[in-house]
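Read through the structure below, which is laid out as structure tokens, and then see the notes.
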Amino acid sequence: MTCPAPARNPRYDVLFEPVKIGPVTARNRFYAVPHAAGMTNSMPHMRAAFRETKAEGGWGVVCSGYVSIDPSSDDTPLPCATLWDDEDIRSHALMTEAVHKHGALAGVELWHGGGSVMNRTSRVAPLSPSGTSWMATHVNFMGNQRPRSMEPQDIRQVLDWQAQAARRAQRAGFDIVYVYAGMGYLPYEFLLPDWNRRTDAYGGSVENRVRFVRQLLEVTHEAVAGKCAVALRISLEELRARPSAVAPSEAHEVVGLLAQLPDLWDVKLDSSPTDCSPSRFSAEGSHEPVIEFVKKLTTRPVVGVGRFTSPDAMVGQIRRGVLDLIGGARPSIADPFLPRKIDQGREQDIRECIGCNICISSWHDSVPVRCTQNPTIGEEWRRGWHPERIAPAASDGSILIIGAGPAGLECALSLGRRGYAVTVAEAAEDIGGRLRFETRLPGLAGWGRVLDWRRGQLEQLPNVTLYRGNRLAAEDILELGNTHVVIATGSRWARLLYSPLELPVGGLEGVNVYTPDDVAAGAAIEGPVVIYDFDNYYMGSVLAEHLAKSGQHVSYVTPAGHASAWAVMTNEQPQIHRALFTAGIAVHTLSRVANFESEELTLVNQFTTAERRLPCRSLLIVGARTANDSLHGALCARPDDLRRAGIISVTRIGDAAAPGAIVHAVYSGHRYARELDADRANLTCRRDAPLATMADRP
Ligand code: ADP
Ligand code: SF4
């Protein structure tokens, strides 16, 4: 007897109602909002396949990332796409065709960056309403090119660029064309007096400041002539905080003035750290207090985001009249098949976004999007990876995986799905590896989804067996005699210090010198504690918070210029500094630890010889990590024994190969599983290239 396929829970039917957006209709309420994914016109096939997967996964609308309308809006090397002339059309048409194949609508976020871009490649002076520039403290956004004030003819020119780009967008096959008035970009700059100090018809009163956005909407409508819907994407956080004489806030005034002009309102917050806040600092649905009023002022549909992964939370947004369409950027990356899984009554299979913002770091790095939860993202075209499909086993080999951290679990799951017989041995009493400890740290509970999802999926695979409390040595592995051995034994934190050449050096042993592994093992750490962080990601600051919460006096020292310096890439740095300050943790930047004795720590400035002393009973070094690869070494030193045991390969994955973030471990485990027994010739990573538009030019 076969089990009937699970059916959709009627509670979620509302999510599958079609929604009319101006002249077009979305098949359901799942809306993959515009978000940069690092694949610009230079990677058109990768971009099309990446967005196609979302359409295949059931999203009713799938949008592009930001698409510049003119060379005066050039964010390079950050990955913006272009619709600068007709030659750009074909590149986008690849995506719209791919999205349409699955019955979804395609949206395009036309964009002018105004005074927030540097035009590094085009070398055009940036434009802004009053010559005001964004004086960013974030090095990615810093530059020396300041904008010039826009003349009336500049305004007419931008309106014309928008209209031309809208016409090209329609020819490229887009169904929804955006005016983008958010995140510090040009139309937003007109809305806010901090940017807009004009004394003409575009400055002063709200009605005047809104004029440019109104005109952009009008020219876009005119350009697409009723064939596409026109969406307005707008940031409302700052406007909502500004009092108004005639409405509850300037945001209400702006929305009231434009209420019926767009076919769709796409509402969001103003800066990346609040708009795409990490789960360490914000819960699901965190936008609601800012945007909840919009639907009361317009009859047009409203879409918004909030890292929604729970169908109940989504239904709540609709039922309570907050949103009409459930926007997803990160949830659509972590699980492109989220809508389909809800539709099929498989909510428990949703690979929920953990809110780590590694995807956003890919944008800062100007590379194709990466995701901690979904290792296939960005690899759909170049490696042929699909989030829900994987090739069947190509041999009857059995695989022994040592270690059940993120790498081992992902590897076991993907091999299991291929049909291999998989055994996982984990030394600890529970699976999870580093997550066993890390998810207990302040703000990181949500990362447990990496473990929970894999645990749930593995339970459905009878061909994967997990042994807990099983620490294996080389001899045990030889006795078990599997065909392939995968070493996923993780890494450990080192007690190394840091040199002026920015290298891990030396080492500091001693009873009061600790690493995060000691904290994980439950070491009783006495204050005052100094955390010395040159790992630069989350661990140093999160442990500082953790120890401060347990009542210790904590100081934080780093040779970098900020606490958790790399966390600027994941939008976390502002909140991290706020959290450290709130917890009373003193932050000492640009400082190296030179000596630790007699309950005193000597710091030296990273660039001078100036010294400073801090009282310190315990030093916690969060610096370099070393791979736990001794098992790998021990096995590889015995080739004859391996042969006798029938073991064909021994491979390190995850941190045991190269210590990294969880995203690297998951990717490494997944890649091993994809490539096992594959024909080497088929393992090429295809190289994408821009569509040849200039080929026949001199
Ligand atoms: P990764 O991030 O690469 O998955 P983790 O450190 O999170 O690495 O996980 C490694 C896991 O391997 C840990 O749970 C650890 O207990 C386990 N482990 C390490 N050595 C052995 C061993 N010899 N036998 C079984 N399990 C091991
Ligand atoms: Fe979510 Fe992290 Fe994946 Fe981004 S990288 S989609 S935040 S799980």
List, in order, the whole-Hz ³J(HN,Hα) value for each residue of segment 265-276 obtained from phi through the Karplus relation with A = 6.51, B = -1.76, C = 1.60 and θ = phi - 60°; use x for Gly and Pro. 9, 10, 10, 7, 9, 9, 10, 3, x, 8, 5, 10
Starting at 0 and stepping by 10 Å, how many percent of the alpha carbon pairs of segment 341-464 end up in each bin? 12, 37, 38, 13, 0
Over its alpha-carbon atoms, the chain yields an Rg and a Dmax in Å of 26.9, 85
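Taking only Cα atoms of segment 410-460, what ratio of Rg to Rh do you get with Rh as the Kirkwood inverse-distance radius?
On the way: Rg = 12.2 Å, Rh = 12.0 Å.
For segment 410-460, the value is 1.02.
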How big is segment 167-211 by the Kirkwood estimate over distinct Cα pairs, in Å? 11.8
Multiply the residue separation of Q260 and A313 by 0.36 nm, subtract the distance between their alpha-carbon atoms, and state the gained length in nm to one decimal. 16.4 nm
Residues with amide H under 5 Å of R120's amide H, sequence separation 5 or more or different chain, H placed in the peptide plane at 1.01 Å from N; which? T76
Note down the Stokes-Einstein diffusion coefficient of segment 329-370 in µm²/s, whole number, using a Kirkwood radius over alpha carbon pairs, 4 °C, and 1.567 mPa s. 117
What is the extension gain from R171 to Q157, computed as 0.36 nm multiplied by their sequence separation minus the C-alpha to C-alpha distance, in nm to one decimal? 2.9 nm
Using the alpha carbons of segment 1-120, what is the convex hull volume per residue in cubic angstrom, as a whole number? 141
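With Kirkwood's inverse mean 1/r over C-alpha pairs for Rh, give me the Rg to Rh ratio of segment 5-72, two decimals please.
Reported Rg/Rh (Cα atoms, Kirkwood Rh): 1.09.
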Amide H contacts of G328 (H built 1.01 Å from N, under 5 Å, at least 5 apart or other chain): Y31, A32, V33
Using the C-alpha atoms of segment 632-686, what convex hull volume per residue, in cubic angstrom, is computed? 105
Which number gives the lysine pairs in segment 17-356 that have C-alpha atoms under 14 Å apart and are eight or more places apart or on different chains? 4
Given charges at beta-carbon only (K, R positive; D, E negative), |dipole| of segment 651-690 in Debye: 80
With 10 Å bins from zero, work out the P(r) of segment 502-562 over every alpha carbon pair and list the percent per bin. 19, 58, 22, 1
The long-range amide H neighbours of S398, using H built 1.01 Å from N in the peptide plane and a cut-off of under 5 Å, are T483, H484
Length added when fully stretched, Q460-A225, from 0.36 nm per residue minus Cα-Cα: 79.4 nm
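Would you mind ranking L186, L236 by Cβ crowding within 10 Å, fewest neighbours first?
L236, L186
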Nearest-20 debye value, segment 57-158 charge dipole, Cβ charges on Lys, Arg, Asp, Glu: 280
Any chance you could get the radius of gyration and Dmax over the Cα atoms of segment 17-356, in Å? 18.7, 57
Just to be sure I understand the model, the point goes 7 Å from the Cα along the line to the Cβ. What's the resulting R687 to L480 distance in nm? 4.0
Show me, for segment 321-331, the HN-Hα J-couplings you get by feeding each phi into the Karplus relation (A = 6.51, B = -1.76, C = 1.60, θ = phi - 60°), rounded to Hz, glycine and proline as x. x, 8, 10, 9, 10, 8, x, x, 10, 4, x
Once you order the gyration tensor axes a ≥ b ≥ c over the Cα atoms, which shape class does segment 494-626 get: rounded for a/c under 1.5, otherwise prolate or oblate by comparing a/b with b/c? rounded
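Taken together, the values in this text are just the output of simple stated rules run on the coordinates, not laboratory data. As the structure is a prediction and not an experimental result, all values here were calculated from the model. Glycine also receives a Cβ, built like all others from the backbone with ideal geometry; neighbour counts cover every protein chain displayed.
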